[in-house]
1. Quick check on my filter: what residues within segment 19-64 are under 14 Å from residue 83 (Cα atoms) and either of a type in the set (Val, Ile, Thr) or over 22 Å from the mean Cα position of the chain (by Cα) (or both)?
2. Being in contact (Cβ under 8 Å) with a residue 60 or more places away in the chain and either under 23 Å from residue 13 (Cα atoms) or touching a Ser or Thr at 6+ places or on another chain (Cβ under 8 Å) (or both): is that true of residue 65 here?
3. Tell me which residues, restricted to segment 84-102, are out of contact with any Leu (no Cβ under 7 Å at 6 or more places or on another chain), surrounded by 14 or more Cβ atoms within 10 Å (Cβ to Cβ) and within 19 Å of residue 116 (Cα to Cα).
4. Those residues that are out of contact with any Leu (no Cβ under 9 Å at 6 or more places or on another chain), outside any helix (DSSP H, G or I) and either exposed (fewer than 13 other Cβ atoms within 10 Å of the Cβ) or not acidic (Asp, Glu) (or both), I need them from segment 53-76; list them, please.
5. Which of the residues that make up segment 78-114 are of a type in the set (Asp, Glu) and in a loop (DSSP other than H, G, I, E, B)?
6. Residue under question is residue 14, and the condition is that it be at pLDDT 90 or above, part of a strand (DSSP E or B) and not acidic (Asp, Glu); does it hold?
7. State yes or no: is residue 31 assigned to a helix (DSSP H, G or I), farther than 22 Å from residue 2 by Cβ, of a type in the set (Val, Ile, Thr) and in contact (Cβ under 8 Å) with a residue 40 or more places away in the chain?
Amino acid sequence: MPTRRFFLEGLECACRIGAYDHERLGPQRVIIDAEIMLADGSEPKSDSLDEALNYDLIRNAILEIVGSRHFDLQEALARELYDALGALPGVAAVRVRTAKPDAYEDCREIAYELSGL
């Protein structure tokens, strides 16, 4: 049986994140990637949104969590995202990646990944 997955890649968000004083001055740019593996037997039987996981739910869950509070750690943000996405209907497993592209001048980004895949 084939596996089915949704990929949300490169969602750029303004997030209040960071443990250092200078990071608490305002939101930072964070890039979110999520991979959602769908459960066996959850494939739509017809071409109807009512039978599918609406991927608006994936994006909206991420945006709601990112804007909900200050996070000291990427690990805490990723865990909240991971748990919320894993609780969506028909989801079997999740991979979440958070990245701070502006944390250092000498690298593209510093990222953290949490995966149950």
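The values are calculated or read from the model by the stated rules, or taken from the named source; none is laboratory data. Remember, predicted model here, so these are calculated numbers, not experimental data. Using ideal geometry, Cβ is built from the backbone for each residue, glycine included, and neighbour counts are taken over all protein chains shown.
1. 36, 58, 62
2. Taking the combined requirement at face value, the residue does not satisfy it.
3. 84, 85, 86, 97, 99
4. Residues satisfying the conditions are 54, 67, 68, 69, 70, 73.
5. Answer for segment 78-114, where residues must be of a type in the set (Asp, Glu) and in a loop (DSSP other than H, G, I, E, B): 102, 105, 106, 109.
6. It is true that residue 14 is at pLDDT 90 or above, part of a strand (DSSP E or B) and not acidic (Asp, Glu).
7. So residue 31 fails the test.
Table: residues versus (1) in contact with a Gly (Cβ under 8 Å, 6 or more places away or on another chain); (2) of a type in the set (Val, Ile, Thr); (3) closer than 26 Å to residue 2 by Cβ.
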site: 38; (1), (2), (3): yes, no, yes
site: 46; (1), (2), (3): no, no, yes
site: 65; (1), (2), (3): no, yes, no
site: 80; (1), (2), (3): no, no, no
site: 85; (1), (2), (3): no, no, yes
site: 93; (1), (2), (3): yes, no, yes
site: 105; (1), (2), (3): no, no, no
site: 116; (1), (2), (3): yes, no, yes
